[in-house]
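Chemist: Below you'll find the structure I mean.
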Amino acid sequence: MTSFISHTTIDCADAFALSTWWKPVLGYTDVEGDPNEAGDEECMIHDPATGHRLLFIEVPDAAAAKRRCGKNRLHLDLRPRDRTRDQELEVLLAHGATTVDDLRGKDGPGTGWVVLADPEGNEFCILRSKAEAGL
């Protein structure tokens, strides 16, 4: 028996605002024929190249749920498409992300990642680009 991942769901307080924040970060767009609008309790965005989808769903008191669980048990690891990790970090910080933990150089010069949070506190990591990582 096998299954496939239909989409990744992110619980939040404001689905429209958070989906709007993530669209330029990932280069995602609204699903054709299903535009997201202010006040929508569920907002889906997708990667036009791969089809991967993120669904943002409003839930009551998402912050309290996170406090009960402690650290995020699931998060996104982002790899820059056309910039270095540090260049992408600057873009993300200017876009409103906040630094949670800086682990650059953890395993020697030029290694590591930075843990960031989106405007609702959902953590994600920015990794080195493929070129930097030798991939």
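The values are calculated or read from the model by the stated rules, or taken from the named source; none is laboratory data. Bear in mind that the values here come from a model prediction, so they are computed numbers and not experimental data. Counting neighbours? That spans all protein chains shown, and the Cβs are built from the backbone with ideal geometry, glycine included. Protein only, heavy atoms only, side chains kept; ligands, DNA and RNA dropped before computing areas. Shrake-Rupley method; radii C 1.70, N 1.55, O 1.52, S 1.80 Å.
Chemist: Using the C-alpha gyration tensor of the stretch 71-121, what are the square roots of 5 times its eigenvalues, in whole angstrom, with the largest one first?
Modeler: Sorted largest first and rounded, they come to 18, 15, 10 Å.
Chemist: Using a 1.4 Å probe and ignoring any ligands, DNA or RNA, find the accessible area of Trp22 and quote it in Å² to the nearest 10.
Modeler: It works out to around 10 Å².
Chemist: Quick one: with all protein chains in place, what share of the accessible area of the chain is carbon or sulfur, to the nearest percent (1.4 Å probe)?
Modeler: The computed percentage sits at 52.
Chemist: Kindly report the accessible area of the chain per residue (heavy atoms of protein chains, probe 1.4 Å, no ligands, DNA or RNA), in Å².
Modeler: That works out to 62 Å² for each residue.
Chemist: Just to confirm the number: angle between the C-alpha axis of helix 15-26 and the first principal axis of the chain, 0 to 90 degrees, nearest 10?
Modeler: Value to nearest ten degrees: 30.
Chemist: Round to the nearest 10 and report in Å² the accessible area of Cys12, as given by a 1.4 Å probe over the protein chains' heavy atoms.
Modeler: Here the accessible area works out near 0 Å².
Chemist: Nearest 0.05, what FRET efficiency do Ala49 and Ala17 give at R0 = 25 Å with Cβ-Cβ as r?
Modeler: 0.55
Chemist: Right, here's the next one. How many percent of DSSP beta bridges within the chain run antiparallel, rounded to 5?
Modeler: About 65 percent, rounded to the nearest 5.
Chemist: At 7 Å along Cα-to-Cβ for each site, give me the label-to-label distance between Lys130 and Asp102 in nm.
Modeler: 2.9
Chemist: Can I ask one more? With all protein chains present, calculate the accessible area of Leu135 using a 1.4 Å probe and round the result to the nearest 10 Å².
Modeler: That residue has around 130 Å² of solvent-accessible surface.
Chemist: Ratio of alpha-carbon Rg to the 2.2 N^0.38 Å globular estimate for the chain, to two decimals, please.
Modeler: Taking the Cα Rg and dividing by 2.2 N^0.38 Å, one obtains 1.11.
Chemist: Multiplying the sequence separation of Asp30 and Thr111 by 0.36 nm and subtracting their Cα-Cα distance, what value in nm do you get?
Modeler: That pair, Asp30 and Thr111, stretches by 25.7 nm at full extension.
Chemist: Sticking with this one: Test of understanding: what is the full-extension gain from Arg83 to Thr9, defined as 0.36 nm times their sequence separation minus their Cα-Cα distance?
Modeler: 24.0 nm is the gain from fully extending Arg83 to Thr9.
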